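Structure first, then comments.
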Amino acid sequence: MLADRTRWIRDKRERIELAQQQLRADFIAAVARSADIVWNVAHQDQPSTEDGNRRAREVFREADLYTWRYRVALSSPPEIVAGCEALLDALRRYRETVAAGERTGSTQYREARGGYFAAVAEAINVLRGSQGPLPFSIRQSVRRAGSSASDPAGR
């Protein structure tokens with residue numbers, strides 16, 4: 001009976017950990033989808049239009065990022081919540097830069113996009129925790145305007 005209880009506790013802990021990992025992966029995926037929309041606006045809305053600026057502002061609502069943020073906050077330790085908050089702040093700066101009319105080629109755009117990718121790398125390393133850092137670096141892809149959004153490498 002003690003062995004069964006021990007196994008049950010271990011299995012429960014593993015299920016909780018797996019659910020938390022899935023939640024964090026889903027959060028990162030929602031952030032990445034939002035950043036991809038911002039990228040598309042910045043590259044396909046040349047020069048800046050009010051419709052493009054509005055589209056950039058809407059990405060948080062479309063991806064339901066605030067809901068994801070609260071889900072992570074409810075089930076994660078403070079260091080993971082802080083990493084996710086920093087990532088959302090960087091994405092928000094990137095989004096607001098594009099929503100303000102900055103497009104590819106501008107210094108403000110490059111800084112906001114670079115800050116976003118630095119925050120992605122940091123958040124992923126925090127989310128991986130005891131698994132250690134990624135065996136590769138998170139970097140900005142070099143996509144051409146008109147590249148498929150489903151092909152983030154721009155191939």
Yes/no for ARG95 being out of contact with any strand residue (DSSP E or B) (no Cβ under 7 Å at 6 or more places or on another chain) and modelled with pLDDT under 95:
no
Quick one: in region 46-66, of everything that is open to solvent by 50 Å² or more (accessible area, probe 1.4 Å) and outside any loop (DSSP other than H, G, I, E, B), which residue is nearest to ASP26 (Cα to Cα)?
TYR66
Considering region 75-85 alone, what residues qualify as being part of a helix (DSSP H, G or I) and crowded, with 16+ Cβ neighbours inside 10 Å?
ILE80, VAL81, GLY83, CYS84
Can you name the residue in region 86-103 that is open to solvent by less than 50 Å² (accessible area, probe 1.4 Å) and in a loop (DSSP other than H, G, I, E, B) and is also farthest from ASN53 (Cα to Cα) among such residues?
ARG103
Log entry, pairs with first residue in region 94-106 being in contact (Cβ under 8 Å) with a residue 24 or more places away in the chain and more than 13 Å from ALA35 (Cα to Cα), second being assigned to a helix (DSSP H, G or I) and open to solvent by 20 Å² or more (accessible area, probe 1.4 Å), beta carbons closer than 6 Å, six or more apart or on different chains, reads GLU102/GLN108; THR104/HIS43
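The values are calculated or read from the model by the stated rules, or taken from the named source; none is laboratory data. Computed from a prediction, not measured in an experiment: that's the story for all the values here. Every residue, glycine as well, gets a Cβ built from its backbone with ideal geometry; the counts of neighbours run over all protein chains shown. To get the accessible areas, we keep the full protein, side chains included, count just its heavy atoms, and leave off ligands, DNA and RNA. Shrake-Rupley method; radii C 1.70, N 1.55, O 1.52, S 1.80 Å.
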